[in-house]
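Structure, as C-alpha cells:
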Amino acid sequence: MSETQPQGTYQVRFDWGVAGFQALASGADVVVLADALPPAGSPDAAALVRRPLSGHRVIRADLGNRTAVAEWVMARQTETGARFSVAVIAIGERRQDGSARWGMEDLLVAGAVVDALTELGIDHCSPEAAAASAAFVGLKRALRHLLAASETGLALAAAGQRDVVSASTVLDHSRDVPEVGEFAFPA
C-alpha cells in the first residue's frame, strides 16, 4: 500500500477529519462525510478548515439517512456497471481550545453507513471501515444514550438543544442524500 493511496485496494474505506479526507478522497468515487450532531457552541472560524470539495463527489450522512446513502451508492454502482469506491470520513469535533477532537458520535455514523453498505452487498471493506461498522453494530441499541452522553451531546443539551440530540438518534427517517460543495472541518 502506498502512502498516497492508503486503503486503496478496498472498495469501502474509513478515516477521520480533514487529514482523512486528504488521504482518501482522490482515490474514491464518492466521499461520505459522517456527521452525527451539529457543532456545539458558535463556530469559531479560526478553528475550522474550510475545504472546497470541487473535483470530488461528496455527500453527507447521519444516522437518519444512512440507508438512503447506501442505496444511493448502490444505484451509482449499478449505473456505472463497475465497482464504486467509497471513502467514509468521520468529521469529528473541536475542543474549547480549537483543536480537533475525535467525535465518538461521528464514528457511529460512519459505522452505520458502512453497515448499511454491507447489508446491500458492498462489503469489500478496509480494516478501518470494518472496525467502524463493528462499533456501530455492537453499540446500536445504545445510540440514544451514547449520543446524549457524548461530549457534543452534553454541550448541546447544556445549550438548550437536547431535542436536536434526541432527533439525531433516529435511524433511517430520511431519504435525503445531500451533495456538498464546501465543508468546514474542525482544525
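Computed from the coordinates by the stated procedures, all read-outs in this text should not be read as laboratory data. Model, not experiment: these values are computed from the prediction. So basically every Cβ, Gly included, is an ideal-geometry build from the backbone, and we count neighbours across all protein chains shown.
Run the dipole for the range 30-187 about the Cα centre, Lys and Arg Cβ at +1, Asp and Glu Cβ at -1, nothing else charged, and hand back the magnitude in debye, nearest 20.
Numbers: 15 positive and 19 negative charges, 17 e Å.
Result for the range 30-187 is approximately 80 debye, rounded to the nearest 20.
From the backbone phi of the range 25-38, what are the Karplus-calculated ³J(HN,Hα) couplings (6.51 cos²θ - 1.76 cosθ + 1.60, θ = phi - 60°) in whole Hz, Gly and Pro given as x?
The phi angles translate into 4, 5, x, 10, 6, 8, 10, 10, 8, 8, 9, 7, 10, x Hz.
ARG101's amide H: which non-local residues (gap 5+, or another chain) put their own amide H closer than 5 Å, with H modeled 1.01 Å from N in plane and none for Pro or chain starts?
Here GLU93, ARG94, ARG95 satisfy the definition.
Mind ordering 58-70, 150-162 by average Cβ neighbours within 10 Å, highest first? Before the final figure, lay out each step's value.
Values: 58-70: 23.5, 150-162: 17.2.
The packing order, highest mean first, is 58-70, 150-162.
Quick one: length gained pulling ARG50 to ALA134 fully straight, 0.36 nm per residue minus the C-alpha distance? Before the final figure, lay out the partial values.
Values: separation 84, 0.36 × 84 = 30.24 nm, distance 3.06 nm.
Extending this stretch completely gives an extra 27.2 nm.
With only alpha-carbon atoms in the gyration tensor, what are the semi-axes of the equivalent ellipsoid for the chain, in Å, largest first? Mind dumping the intermediate values first?
Numbers: eigenvalues 128, 74, 42 Å².
Gyration-tensor ellipsoid for the chain: 25, 19, 14 Å.
Just tell me, in residue order, which DSSP H segments of the chain are both 15 angstrom or longer along the helix axis (alpha-carbon based) and at least -0.5 in mean Kyte-Doolittle hydropathy.
Values: long enough: 66-80 (21 Å, -0.45); 104-119 (22 Å, 1.01); 127-139 (18 Å, 1.18).
Correct list, ordered by number: 66-80, 104-119, 127-139.
Along the Cα→Cβ direction, 7 angstrom out, place labels at LEU120 and THR9. What is the inter-label distance in nm?
Going from the LEU120 label point to the THR9 one covers 2.6 nm.
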